[in-house]
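The values are calculated or read from the model by the stated rules, or taken from the named source; none is laboratory data. Computed from a prediction, not measured in an experiment: that's the story for all the values here. No Cβ is skipped: glycine too gets one built from the backbone with ideal geometry, and neighbour counts run over all protein chains shown.
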Amino acid sequence: MPSISRDEVAHLARLARLAVTDDELDLFAGQLDVILQSVATVGDIATADIPPTSHAVPLTNVFREDVVRPSLGQQQALAGAPAAEDGRFRVPRILGEEA
Amino acid sequence: MTADLTRATAAELAARIANREVSAVEVAQAHLDRIGEVDGAVNAFLHVDTEGALNAARKVDEDIAAGAHVGPLAGVPIALKDVLTTEGVPTTVGSKILEGWIPPYDATVTRRLKEAGLVILGKTNMDEFAMGSSTENSAYGPTRNPWDTDRIPGGSGGGSAAALAAFEAPLSIGTDTGGSIRQPGAVTGTVGVKPTYGGVSRYGLVAFSSSLDQAGPCARTVLDAALLHEVIAGYDPMDSTSIDAPVPPVVAAAREGANGDLSGVRVGVVTQFSGEGYQPGVLRSFEAAVAQLKQLGAEVVEVSCPSFDYALPAYYLIAPSEASSNLARFDAMRYGIRVGDDGTRSAEEVMSLTREAGFGPEVKRRIMIGTYALSSGYYDAYYGSAQKVRTLISRDFDAAFATVDVLVSPTTPTTAFPIGERTNDPMAMYKADLCTIPANLAGNAAMSVPSGLSDEDGLPVGLQIMAPALQDHRMYRVAAAYEVARDAALGAPVISGVPQLAGVAR
Amino acid sequence: MTSVHELMDYAEVIERFDPVLGLEVHVELHTNTKMFCGCANVFGGEPNTQVCPVCLGMPGALPALNGKAVESAIRIGLALNCEIAEWCRFARKNYFYPDMPKNFQTSQYDEPIAFNGYLDVTLDDGSLFRVEIERAHMEEDTGKSLHVGGATGRIHGAEHSLLDYNRAGVPLIEIVTKPITGTGERAPEVARAYVTALRDLLKALDVSDVRMDQGSLRCDANVSLMAKDATEFGTRTETKNVNSLRSVERAVRFEMTRQAALLASGGEITQETRHFDESTGSTSSGRTKETAEDYRYFPEPDLVPIAPSREWVEELRGTLPELPWERRKRVQQEWSLTDAELRDLVNAGAVDLVTATVDAGATHAEARSWWVAYLTKEANARGVELAELGITPAQIARVIALVNSGELTNKLAREVVTGVLDGEGEPEAVIEARGLKVVSDDSALEKAVDEALAAQPDVAAKIRDGKVAAAGAIVGAVMKATKGQADAKRVRELIIARCS
Ligand SMILES: [Mg+2]
Ligand SMILES: [Zn+2]
């Protein structure tokens, strides 16, 4: 089915937050095309009457008690942060909607 | 003395430590020394925790000296795949993006190992985010196969398997999403087990594909694998997909199997896993193994599982889809590396630059495949259809296990291939997991046990044994019986054929 | 910075268009712990102190579902007359945003736990309006960002942002209405009445703090207009950030007048997110995305499906408290209230307060008189909700008892209440501090009466001539002389006695 274009790869990369290079666009377009053609064969046997399986083991209703467990301390929480300030994770300016 | 310690089985070491014939510290030091000698050539370890290992060993020695009750593997060294978190010890998942990250918590598997007195030597190399079948996708250089250092040790858990074959550790932990324990086991001549999905907690296992990932034991003998299996398995409320049921009696089954009698056991040979694409030497080794099972008294029949032909494509949709979501958290905001934060770029730009620099090509490729397969408009044709194939594969297993106790096949179609051979051909690489993937999709138990060497290249071959969910003990019994017969036929364990590593004195 | 909008006169909007509303309400549950981890769920902690590997989205961490949150979701569903799913799942909603630690939100997608319900809401004139409920589903909240640099601390122009994940993973229930049609000019009122009714319901269920000011109840309002002759819904906008009941009404009204003006001038409505500005009462466009967001939903593999047994659902149905509308019906019957009286009581949001005051010993007429007539005005004047006024039903009941025993006059009682509202403590303390005791000593009053009569001899003469109505002037003088602390009825009696 697919013949995946360079533009589509660029779109996927943007959705996935990957700043791919021009060379990668060419490489990935070719490789994704081959892979997607190959995996599309799942459609050959996946008929409408077959229910999908999302979980290998059929469990239901696994709940946790509403009991507080110790949290990490602020220092521990921030220990691996690339940048922190005033007990918070410091991140570059956020574009977009106000929360 | 030192060589003696690094070549012993885990069961022997545990007994000698418990009897105070040898101290846990001596055992740990022997393995640390061995790592120091050979790991330059093998690159099985990403991080060696010398101090942590010696402290843990010392603690075991003290407990034993004090007469405390210790577990059956207390004091035995173990190598941990770098995909499991270790509090205070770096965890990278073989990726640049997590370089320098020190987790603030232990995975449940890590905690159980520590509680059982195992001595964690360090963290083993792997394909980045467990995506690969050769360990060439590690950001920290490939691991080499101790049987031939120009060849791959399998993947993604190549480090865990190579550490065993190089006698750097008697035990290791792997994780298996599509074969990442079994395929490295097969190509390094070691034992690797993927327990039933939900049998071992995934809490602290850095997720690749949540519905497929499963941690399991790696060892040089079936009994050692079983002993480790019982340490790490069992219900964990921190993992909602963990099964709240008793651990299958795998140690008892391994001991029973070692008696060498498989009469009454029905073994099914999966007909789909042979023919084109299979190395003749691998098929001959497999046929010899099946003949041996018959000699042990097993009843062998052929079983057809037609939808297994669609397992590989289904897997290469489901795993990348889940991965595209699981790996979204690596965004340079809370942990890991950050690239391009020059005060002018936005968070979105920094995320994209970091992920571009931090992920290798295979990871990016799979993220994009998964992003594509989950997109509206493509979901039904790709992800949705793959989930249906999953249903069909489970039905094939159910039908098969209605007539046989275990299924067998080669673990992987070929022996270890040369490093670099398949790096530019993703589809060829993916085929290494052809036989192992169905058990991940259905969630049942499966393992690989060495079936000797391929007659054309002298490299190890693996026999895959598959059992129904929560019947893990069935395959241990078969594997243990086969192991005894095989060693008797070969005159020595397969692993004893590992050549001396170049430039290293034995 | 807000752009200038052309607005259409509201009457004309109604003449030319039919509004269609869709309301999405997010409710934070007040469980002890978060949705998927054991971190404490409390508002206002030091930043990043209520976080763990799970809610920080650390590598390897896995969610574990809070059973209490599921229970609350089912109870909310039942109270909203919904069907409860026999089987449902969580899904991952994938999109990147720094306040979301995993860069996906664990939410429910096409399999909500509750669906197909309704809520009857009471409008200002006492009539009922049925709002159909599409679904109520479970999800998790995000962290909070603080924008640093730039003029106003807003996201635009900020130099960098600081993230606090204490709120990340707090359990949310999202309640979505079906399209609300047929409201006509009352669309803004229906929107406010719906959120009010929902708030009261959630409060009665004791599942949430329902504090719009703290964000534990948040409303997004979807508004579109249909021309009178149209057969299909118009393009809608979604206004976020509507954080008070009054704002809900204002935001809907503003969007109606803005959209109508745009449509009338031949323009088109852009499907977009808009932000409500409390200070100007207007909405403004958020960032429009060049392509519709593709959330790539798929079933959450780390959580297993939820299949509530019918026994469990019925057990939870048994735990539902008397719901607000049931209580209203009961109160009307028990107190024999007219429809108008009930409406006043409900509109004042005083049903609970009056009931509690009655429980503390007052009659319902006295209690209603205080809460509906007097305290509602005080609340308006002070710009707070009636319930947040700072006086309890028990305190009001005590003041009423003091009036009944003659220890306070009505006027004094109001002064006592003012003291309590001003934070001067218990009613008894206010009485003590302000010296607000009725002068009930007849000899003191007689002295004051004599003085007043002496000061106004012509009035005294009129009273003696039988013109009793003239006594008012003397009462006034006596009350003034006693600083209002006399019982006016007694004073009148004493005047008449003195002049006969
Ligand atoms: Mg939502
Ligand atoms: Zn938490």
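Number of residues in segment B:54-106 that are more than 14 Å from chain C (Cβ to nearest Cβ) and among the aliphatic types (A, V, I, L, M): the value is 14. In the set (1) surrounded by fewer than 17 Cβ atoms within 10 Å (Cβ to Cβ); (2) closer than 22 Å to B:N137 by Cβ, the condition left unmet by B:T86 is number (1). All of C:D458, C:D487 fail the test of being exposed (fewer than 13 other Cβ atoms within 10 Å of the Cβ) and not basic (K, R), apart from C:D458. The conditions of being within 22 Å of the chain's Cα centre (by Cα), within 16 Å of ligand 1 (Cβ to nearest atom) and over 30 Å from C:L345 (Cα atoms) are not met by C:P112. Meeting the requirement of 2 or more residues that are among the charged types (D, E, K, R) and touching a residue at least 12 places away in the same chain (Cβ under 8 Å), the helices (runs of 4 or more DSSP H) wholly within segment B:365-460 are B:385-401.
Regarding C:A61, is this residue assigned to a loop (DSSP other than H, G, I, E, B) and either within 14 Å of ligand 2 (Cβ to nearest atom) or among the charged types (D, E, K, R) (or both)? Taking the combined requirement at face value, the residue satisfies it. Of all residues in segment B:325-332, at least one satisfies being more than 27 Å from the chain's Cα centre (by Cα), within 14 Å of chain C (Cβ to nearest Cβ), in a loop (DSSP other than H, G, I, E, B) and not acidic (D, E).
Per this entry, A:L25 is not counted among residues that are free of Cβ contacts under 8 Å to residues at least 40 places away in the same chain, in contact with a Phe, Trp or Tyr (Cβ under 9 Å, 6 or more places away or on another chain) and assigned to a helix (DSSP H, G or I). Scanning segment C:327-346 for residues that are under 10 Å from C:R368 (Cβ atoms) and of a type in the set (D, E) yields C:E341, C:D344. The helices (runs of 4 or more DSSP H) found wholly in segment C:258-372 and carrying at least 2 residues that are within 14 Å of another protein chain (Cβ to nearest Cβ) occupy C:310-317. Does at least one position in segment B:225-235 carry a residue that is among the aromatic types (F, W, Y), within 14 Å of chain C (Cβ to nearest Cβ) and touching a helix residue (DSSP H, G or I) at 6+ places or on another chain (Cβ under 9 Å)? Checked against the condition, which is being among the aromatic types (F, W, Y), within 14 Å of chain C (Cβ to nearest Cβ) and touching a helix residue (DSSP H, G or I) at 6+ places or on another chain (Cβ under 9 Å), segment B:225-235 yields no hits at all. Scanning segment A:1-58 for residues that are at the interface with chain B (Cβ under 7 Å from one of its Cβ atoms) and among the polar types (S, T, N, Q) gives A:Q31, A:S38, A:T41, A:T53, A:S54. Among the conditions (1) acidic (D, E); (2) at pLDDT below 95; (3) closer than 22 Å to C:Y10 by Cβ; (4) touching a Ser or Thr at 6+ places or on another chain (Cβ under 7 Å), C:E272 misses just one, which is (3). Go through segment B:306-335 residue by residue and tally those that are of a type in the set (F, W, Y) and closer than 21 Å to B:G384 by Cβ. Counting residues in segment B:306-335 that are of a type in the set (F, W, Y) and closer than 21 Å to B:G384 by Cβ gives 4. Of everything in segment C:69-127 that is small (G, A, S) and surrounded by fewer than 19 Cβ atoms within 10 Å (Cβ to Cβ), the residue that is nearest to C:R328 (Cα to Cα) is C:G126. Scanning segment C:64-74 for residues that are away from ligand 2 (no atom under 15 Å from the Cβ) and at the interface with chain A (Cβ under 8 Å from one of its Cβ atoms) yields C:G67, C:K68, C:V70. Restricting C:K102, C:K93 to residues that are more than 13 Å from ligand 1 (Cβ to nearest atom) and more than 10 Å from chain A (Cβ to nearest Cβ) narrows the list to C:K102. Can you find, within segment A:60-84, the residue that is nearest to the other protein chains (Cβ to nearest Cβ) among those that are surrounded by fewer than 16 Cβ atoms within 10 Å (Cβ to Cβ) and within 30 Å of B:R395 (Cβ to Cβ)? Across segment A:60-84, the extreme among qualifying residues is A:T60.
Residue-wise test of (1) in contact with a Gly (Cβ under 8 Å, 6 or more places away or on another chain); (2) free of Cβ contacts under 8 Å to residues at least 24 places away in the same chain; (3) surrounded by fewer than 21 Cβ atoms within 10 Å (Cβ to Cβ).
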residue: C:S208; (1), (2), (3): no, no, no
residue: C:D213; (1), (2), (3): no, no, yes
residue: C:L217; (1), (2), (3): no, no, no
residue: C:M226; (1), (2), (3): yes, no, yes
residue: C:D229; (1), (2), (3): no, yes, yes
residue: C:T235; (1), (2), (3): no, no, yes
residue: C:V242; (1), (2), (3): no, no, no
residue: C:V248; (1), (2), (3): no, no, no
residue: C:R253; (1), (2), (3): no, no, no
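Among all positions in segment B:353-369, there is no residue which is facing another protein chain (nearest Cβ under 7 Å) and of a type in the set (S, T, Y). Beta carbons closer than 7 Å, at least 6 apart along the sequence or on distinct chains, pair a first residue in segment C:309-336 that is without any contact (Cβ under 8 Å) to a residue 12 or more places away in the chain with a second that is surrounded by 13 or more Cβ atoms within 10 Å (Cβ to Cβ) for C:Q332/C:L342.
Residue count for segment C:402-445 under the criterion of being modelled with pLDDT under 85, out of contact with any strand residue (DSSP E or B) (no Cβ under 9 Å at 6 or more places or on another chain) and assigned to a helix (DSSP H, G or I): the result is 2.
Scanning segment C:164-191 for residues being among the β-branched types (V, I, T) and either within 14 Å of chain A (Cβ to nearest Cβ) or within 16 Å of ligand 1 (Cβ to nearest atom) (or both) gives a total of 5.
Taking every residue in segment B:338-353 that is over 16 Å from A:F89 (Cβ atoms) and pairing it with any residue that is surrounded by fewer than 20 Cβ atoms within 10 Å (Cβ to Cβ) and of a type in the set (D, E), at least 6 positions away or on another chain, the pairs with Cβ-Cβ distances below 7 Å are B:G340/B:E349.
Of the residues in segment C:3-21, not one is modelled with pLDDT of 95 or more and either within 7 Å of chain A (Cβ to nearest Cβ) or within 16 Å of ligand 1 (Cβ to nearest atom) (or both). Could you check segment B:376-397 and list, in sequence order, the residues that are of a type in the set (G, A, S) and more than 26 Å from B:D127 (Cβ to Cβ)? Result: B:S376, B:G377, B:A381, B:G384, B:S385, B:S394. Assessment of segment C:39-49 against the conditions (more than 16 Å from ligand 2 (Cβ to nearest atom), surrounded by fewer than 24 Cβ atoms within 10 Å (Cβ to Cβ), more than 8 Å from chain A (Cβ to nearest Cβ) and under 28 Å from the mean Cα position of the chain (by Cα)) yields at least one matching residue.
Residues in segment C:88-132 that are of a type in the set (K, R) and closer than 30 Å to C:N48 by Cβ: C:R92, C:K93, C:K102. For segment C:22-38, filtered to residues that are within 14 Å of chain A (Cβ to nearest Cβ) and touching a residue at least 40 places away in the same chain (Cβ under 8 Å), the residue that is nearest to ligand 1 (Cβ to nearest atom) is C:H26.
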